[in-house]
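Colleague: Sharing a structure here in structure tokens format.
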Amino acid sequence: MKNVLLGFTIICFGLCTSSGRVPAQTRTSAPKAAINQTRSGPDDNAQHFEGVIVSKNGQLFVLRDDANNTWYHLDDQQAAGKHLGRKVLVIGTLDTRTDVIRVQKIDETT
């Protein structure tokens, strides 16, 4: 019985401390530290992301990129909220550890 309990504990500990990433599609909220940390000024490493601004819970706005089947969290929630439900081009830098885009600019597209 002790061996079974010890094995179960080891498995649970391994799952809890796993460093594997959760795919962006399954995340439901951005890390708290990532929200509202907007950068000002141009960035040479800026990327372009296209998609639709959606809200998964009425409070958190994310970029849904249907072409790549990916969801990105946005660090400028105020700017994202202004474009809710619209197709946009987001210019910013992607933090690949958290799938959060450090937003520099959001423009609506047609």
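The values are calculated or read from the model by the stated rules, or taken from the named source; none is laboratory data. Here the structure is a predicted model, which is why all the values come from computation and not from measurement. Cβ: placed from backbone, ideal geometry, glycine included. Neighbour counts: every protein chain shown.
Colleague: Which condition from (1) aliphatic (A, V, I, L, M); (2) surrounded by 14 or more Cβ atoms within 10 Å (Cβ to Cβ); (3) more than 14 Å from the chain's Cα centre (by Cα) is the one that residue 100 breaks?
Modeller: (3)
Colleague: Which one is surrounded by the most Cβ atoms within 10 Å (Cβ to Cβ), of the residues in segment 88-97 that are β-branched (Val, Ile, Thr) and farther than 20 Å from residue 110 by Cα? Give the steps one after another, and end with the answer.
Modeller: Taking segment 88-97 as the starting set, the residues that turn out to be β-branched (Val, Ile, Thr) are 88, 90-91, 93, 96.
Imposing the further condition that a residue be farther than 20 Å from residue 110 by Cα reduces the set to 93, 96.
Numbers: 93: 17, 96: 9.
Per the stated criteria, the residue is 93.
Colleague: Hey, can you tell me all the residues within segment 47-73 that are outside any loop (DSSP other than H, G, I, E, B), surrounded by fewer than 15 Cβ atoms within 10 Å (Cβ to Cβ) and over 13 Å from the mean Cα position of the chain (by Cα)?
Modeller: 47, 48, 50
Colleague: Could you grab me the full set of residues in segment 74-87 that are at negative phi and either free of Cβ contacts under 8 Å to residues at least 40 places away in the same chain or surrounded by 14 or more Cβ atoms within 10 Å (Cβ to Cβ) (or both)?
Modeller: Step one: filter segment 74-87 for residues at negative phi, giving 74-84, 86-87.
Within segment 74-87, 74, 75, 76, 77, 79, 80, 81, 82, 83, 84, 86, 87 meet the criteria.
Colleague: Here's another thing I want to ask about it. Given the options 66, 44, 76, name the one that is under 15 Å from residue 109 (Cβ atoms) and of a type in the set (Asp, Glu).
Modeller: On the way: 44 fails: under 15 Å from residue 109 (Cβ atoms); 76 fails: under 15 Å from residue 109 (Cβ atoms).
The match here is 66.
Colleague: A follow-up question, please. Looking only at segment 27-62, filter to residues that are of a type in the set (S, T, N, Q) and at pLDDT below 60; which one of those is farthest from residue 102 (Cα to Cα)? Walk me through it before giving the result.
Modeller: Let us first name the residues in segment 27-62 that are of a type in the set (S, T, N, Q), namely 28-29, 36-38, 40, 45, 47, 55, 57, 59.
Retained after the next criterion (residues that are at pLDDT below 60): 28-29, 36-38, 40.
On the way: 28: 18, 29: 15, 36: 9, 37: 7, 38: 6, 40: 10 Å.
Of everything passing the filter in segment 27-62, 28 is farthest from residue 102 (Cα to Cα).
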